[in-house]
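What follows is a set of notes on a single structure, which appears directly below.
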Amino acid sequence: MSREFSIEDYKMAVGSFVTGITVVTASGEEGPVGFTCQSFTSLSLDPPTILISVAQTSRTLSTISSEKKFCVNILSTGSVRIAHDFAFMDPAVRFTIHSWNRSGTGNPVLEAALVWLDCELVRSIEVEDHLVAVGRVVSLGASEEGRDPLTYYRGDFGAFAQLNDE
Ligand SMILES: Cc1cc2nc3c(=O)[nH]c(=O)nc-3n(C[C@H](O)[C@H](O)[C@H](O)COP(=O)(O)O)c2cc1C
């Protein structure tokens with residue numbers, strides 16, 4: 001079926017859905033790997049599962065697939081640089097310029113994370129040029145300081161603003 005809109009129209013349409021921004025990390029023989037990821041969502045509560053959508057071209061994907069685990073680091077407004085670097089910077093230097101530790105399962109946890117969720121890969125579904133990875137959350141943590149969540153809207157980073165009922 002032919003479509004009646006351009007890819008730019010499509011990006012504008014789906015980009016109108018405001019999301020947070022995460023860095024998804026994993027660790028294998030080649031060391032820590034990770035990438036900036038917008039396509040994170042919670043999936044089920046009992047047991048707690050989440051999903052991410054990863055481009056088939058992602059270098060992080062092969063480590064997630066082989067190690068069968070990954071960590072979702074939810075970013076705060078102070079981490080625009082991290083979001084940029086984990087998308088555009090050489091993967092070899094991403095973990096040398098931003099501080100991180102290891103979760104109990106060995107996945108990289110960014111020190112700057114607002115919240116992190118350590119996941120066991122329970123299902124992978126290939127859909128066109130992406131792979132949907134479903135993770136069961138095995139542990140999580142939150143930053144102690146009052147950090148604010150980073151948002152993303154039509155290609156721009158932003159901040160959350162609470163609206164009070166009139
Ligand atoms: C704001 C933003 C959101 C992104 N979201 C995703 C995403 O959901 N899935 C994905 O596969 N790539 C996403 N990317 C692109 C990857 O971060 C980028 O291609 C990265 O270099 C992949 O790294 P890797 O090949 O080392 O895994 C996003 C990039 C940006 C700037």
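Of note:
- In order along the range 105-118, the phi-based Karplus estimate (6.51 cos²θ - 1.76 cosθ + 1.60, θ = phi - 60°) of 3J(HN,Hα) comes to 8, x, 6, x, 10, 6, 4, 7, 4, 6, 8, 10, 10, 8 Hz; Gly and Pro are listed as x.
- Charge dipole of the chain (Cα centre as origin; +1 on each Lys and Arg Cβ, -1 on each Asp and Glu Cβ, all else neutral): 320 debye, rounded to the nearest 20.
- Amide hydrogen proximity for Ser103: with H placed 1.01 Å from N in the peptide plane, the residues at 5 or more positions away or on another chain lying under 5 Å are Val109.
- Global size of the chain: 16.1, 55 Å for Rg and Dmax (C-alpha atoms, Rg to one decimal, Dmax whole).
- Taking amide hydrogens as placed 1.01 Å from N in the peptide plane, the amide H of Leu43 sits under 5 Å from those of Thr49, Ile50, Leu51, each at least 5 positions away in sequence or on another chain.
- Over all orientations, the range 116-166 has a Cα convex hull whose mean projected area works out to 6.7 square nanometres.
- Packing, as the average of other Cβ atoms within 10 Å across residues, places the peptides 36-44, 60-68 in the order 60-68, 36-44, highest first.
- Ellipticity at 222 nm from helices only: DSSP H runs of n ≥ 4 in the chain, each -39500 (n - 2.57), divided by the residue count, give -5500 deg cm²/dmol.
- Remark: the range 144-152, residue by residue, has Karplus-estimated 3J(HN,Hα) of 7, 6, x, 8, 9, x, 7, 10, 9 Hz, where x stands for each Gly or Pro and the curve is 6.51 cos²θ - 1.76 cosθ + 1.60 at θ = phi - 60°.
- Whole-Hz couplings from phi, Karplus 6.51/-1.76/1.60, listed for the range 119-134; x for Gly and Pro: 10, 9, 6, 10, 7, 10, 10, 7, 9, 6, 8, 10, 10, 8, 9, 9
No lab work stands behind these numbers, since they all come straight from the coordinates. Remember, predicted model here, so these are calculated numbers, not experimental data. Cβ: placed from backbone, ideal geometry, glycine included. Neighbour counts: every protein chain shown.
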